[in-house]
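*Asks:* Dropping a structure here in structure tokens format, bear with me for questions.
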Amino acid sequence: MKVKFRNNKLEKCFCEYKQAVREFGDQVARKYIQRIKLIQAASNLDDLMELPGLRCHPLKGDRKGQYAVKLTGFYRLIFTLEGEFLNISMIEEVSKHYDD
């Protein structure tokens, strides 16, 4: 899949590991970059859904139309699909699941 980023901060964190560590911490930064590379390597959403460690799933409620993959225990990467064949992934945000 082709990957786009909702904002420059997310793209910079993908391109520059040190920036990702500053934003998210070491563990989340490593997983963030790794997960985006997996999304890029996938040919479609079904490929991502089949990888058990990702826990790729559609979101509900206000986030209907978005998908999430697990980064760490509480952190997830949220993305949407675009394009004629849903072959472009838009990285939306890194979210702390169940944020207090």
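The values are calculated or read from the model by the stated rules, or taken from the named source; none is laboratory data. Here the structure is a predicted model, which means the values were calculated and not measured. All Cβ positions, even for glycine, are placed from backbone atoms using ideal geometry, and neighbour counts span all protein chains on display. Note: accessible area is taken over every heavy atom of the protein model, side chains too, but ligands, DNA and RNA are not part of it. Shrake-Rupley method; radii C 1.70, N 1.55, O 1.52, S 1.80 Å.
*Asks:* Could you run through segment 5-30 and say how many residues are touching a residue at least 24 places away in the same chain (Cβ under 8 Å), exposed (fewer than 15 other Cβ atoms within 10 Å of the Cβ) and not in a helix (DSSP H, G or I)?
*Replies:* Adding up the residues that qualify gives 1.
*Asks:* May I pose another question? I need every pair where a residue in segment 61-79 that is closer than 15 Å to Phe5 by Cα has its Cβ under 7 Å from the Cβ of a residue that is part of a loop (DSSP other than H, G, I, E, B), sequence separation at least 6 or different chains.
*Replies:* Qualifying pairs under 7 Å: Gln66/Leu59; Tyr67/Cys56; Tyr67/Leu59; Ala68/Leu59; Leu77/Leu71.
*Asks:* Also: Would you check which residues across segment 53-80 are among the small types (Gly, Ala, Ser) and farther than 16 Å from Arg35 by Cβ and list them?
*Replies:* Gly61, Gly65
Residues checked against (1) surrounded by 12 or more Cβ atoms within 10 Å (Cβ to Cβ); (2) at pLDDT below 95; (3) over 9 Å from the mean Cα position of the chain (by Cα); (4) not in a loop (DSSP other than H, G, I, E, B):
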| site | (1), (2), (3), (4) |
| --- | --- |
| Tyr32 | yes, no, no, yes |
| Asp47 | yes, yes, yes, yes |
| Pro52 | no, yes, yes, no |
| Asp62 | no, yes, yes, yes |
| Thr72 | yes, yes, yes, no |
| Glu84 | no, yes, yes, no |
| Met90 | yes, yes, no, yes |
| Glu93 | yes, yes, no, yes |
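*Asks:* Still on this structure, please answer the following. Among what's in segment 34-45 and is under 20 Å from Glu11 (Cβ atoms) and small (Gly, Ala, Ser), pick the residue that is most open to solvent (accessible area, probe 1.4 Å).
*Replies:* Here the answer is Ala41.
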